[in-house]
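A.B. asks: Supplied in structure tokens, the structure appears directly below.
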Amino acid sequence: MQQIIKSVSIALQNIKANPLHTFLSTLGIIIGVASLVAILALGDGLEQTGREQIETTTSVQMMSVTPRTVDLVNDVRVPRDTVYEFGIAEARALEEMVSEWGYTELLAQSSRVATVQDSSLAIYIQATLENVPHFTESELIGSYFNRADVEKAERKAVLTAPLARKWSPYNELLIGETITFEGATFEIIGILEEESRGAQAMIPISTYRQVVKGSNPANLVFKSRKVEDLPEMRAKVEDWLDQHYTEGKEAFSVFTYEGRVEQLSQGIMVFKLVMGAITGISVLVGGIGIMNVLLISVTERTKEIGIRKATGARKKDIVMQFISESVTISMVGCIIGWVVGVLGVFGLVELINRFTDFGFKAALSIGTVGVVLIAAIIVGMVFGTYPAWKAANLTPVDAIRHE
């Protein structure tokens, strides 16, 4: 370790002695590293932006678990002998298990004719637990039923905005009114401003099973707080299914949108690899510049090398000195290139965002830091090896006599 520190110290002294010479030799490394940092930061930013877009425009954080009703045998759908059905107890057990990653809902749906203020319409009745507000970014006027309402099978309902508009142009006026179907009356306690759900009335699933006869089996829906948590949540749910059902997870259809995130990540990785390979040419040119300056250094310091070898320096000491100089020069160029690259890419992103509404961004990850650091060390070692070998193989007598 002391030998390495000493070699690095000598390398820094040589850099200080010829600052302009060193700067010109590292210019290629600076440009290459700056380009590499910019490409990787842009790639990370594109991936982050893409993930955010997917999260806000798709159900990529969602997972559904539905009991299988048929099996595929010889390409023919055959009804299953055993069809499992989820109850509130199973939903609560899973809710507790996955609460650190996200939310759980138990959903069942059927269509009925419902009446509000003597006006009857065909609507969808959706039975849920109390967690629907966590599954949507839409505004809720009024309130949603809570856990106690589900446990007590209260007759409360929340309408979607498209359904509410069919009964009143002013949604909030329906709060406090009643909706009737299947001979049961429910109090309307809220309006969910979500257009994608269509004409739906949501009621506690416990009440649904009491009131709606011949209802469809329920399925479980999960939502992770972060896209990255979805695989772990899925694994936990599948393990639970294996433990609690004879046929395990094979008796259920588990569906997620993870494929979209994987496609995005693969596309960004291809972008990084292709652009990284292009910018790697600059790093290669920088390495050749370092080798050139070290070869000149060997010629200029031949007498010094001869004296060192005559006074007991071994081949490996000379090799260590020149490789240390090469790596040190490469690291100096790497640091300068890193700063230039970061300032350049974030300045460019800020300029782009001033003239567009895209909301483009760049991001720096630990992986970017690691790639640049490893590249600098490899370039220093590879392109410093030949000059080091040439210096180490000089004979003391010829080196001392060199003019």
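The values are calculated or read from the model by the stated rules, or taken from the named source; none is laboratory data. What you see is a predicted model, and the numbers here were worked out from it, not measured in a lab. All Cβ positions, glycine included, derive from the backbone under ideal geometry; neighbour counts span all protein chains shown.
A.B. asks: Among the residues of segment 189-212, are any among the aromatic types (Phe, Trp, Tyr), surrounded by fewer than 20 Cβ atoms within 10 Å (Cβ to Cβ) and over 28 Å from the mean Cα position of the chain (by Cα)? Step through it out loud before you land on a result.
C.D. replies: Step one: of segment 189-212, the residues among the aromatic types (Phe, Trp, Tyr) are 208.
Still in the running and surrounded by fewer than 20 Cβ atoms within 10 Å (Cβ to Cβ): none.
No; the residues of segment 189-212 include none that is among the aromatic types (Phe, Trp, Tyr), surrounded by fewer than 20 Cβ atoms within 10 Å (Cβ to Cβ) and over 28 Å from the mean Cα position of the chain (by Cα).
A.B. asks: Exactly one condition in (1) within 30 Å of residue 361 (Cβ to Cβ); (2) at pLDDT below 75 is false for residue 22; which is it?
C.D. replies: The failed condition is (1).
A.B. asks: Sticking with this structure for a sec: Working carefully through the options 148, 114, 164, 93, find the one that is over 33 Å from the mean Cα position of the chain (by Cα) and touching a residue at least 40 places away in the same chain (Cβ under 8 Å). Walk me through how you get there before you give the answer.
C.D. replies: Values: 148 fails: touching a residue at least 40 places away in the same chain (Cβ under 8 Å); 164 fails: touching a residue at least 40 places away in the same chain (Cβ under 8 Å); 93 fails: over 33 Å from the mean Cα position of the chain (by Cα).
Selected residue: 114, the only one of 148, 114, 164, 93 that is over 33 Å from the mean Cα position of the chain (by Cα) and touching a residue at least 40 places away in the same chain (Cβ under 8 Å).
A.B. asks: The conditions are (1) within 15 Å of residue 33 (Cβ to Cβ); (2) at pLDDT 70 or above, and residue 368 fails exactly one of them. Which is it?
C.D. replies: (2)
A.B. asks: When you look at residue 220, is it buried (at least 21 other Cβ atoms within 10 Å of the Cβ), farther than 30 Å from residue 252 by Cα and out of contact with any Lys or Arg (no Cβ under 7 Å at 6 or more places or on another chain), yes or no? Even if it seems obvious, please write down each step before you answer.
C.D. replies: Working: buried (at least 21 other Cβ atoms within 10 Å of the Cβ): yes; farther than 30 Å from residue 252 by Cα: no; out of contact with any Lys or Arg (no Cβ under 7 Å at 6 or more places or on another chain): yes.
No.
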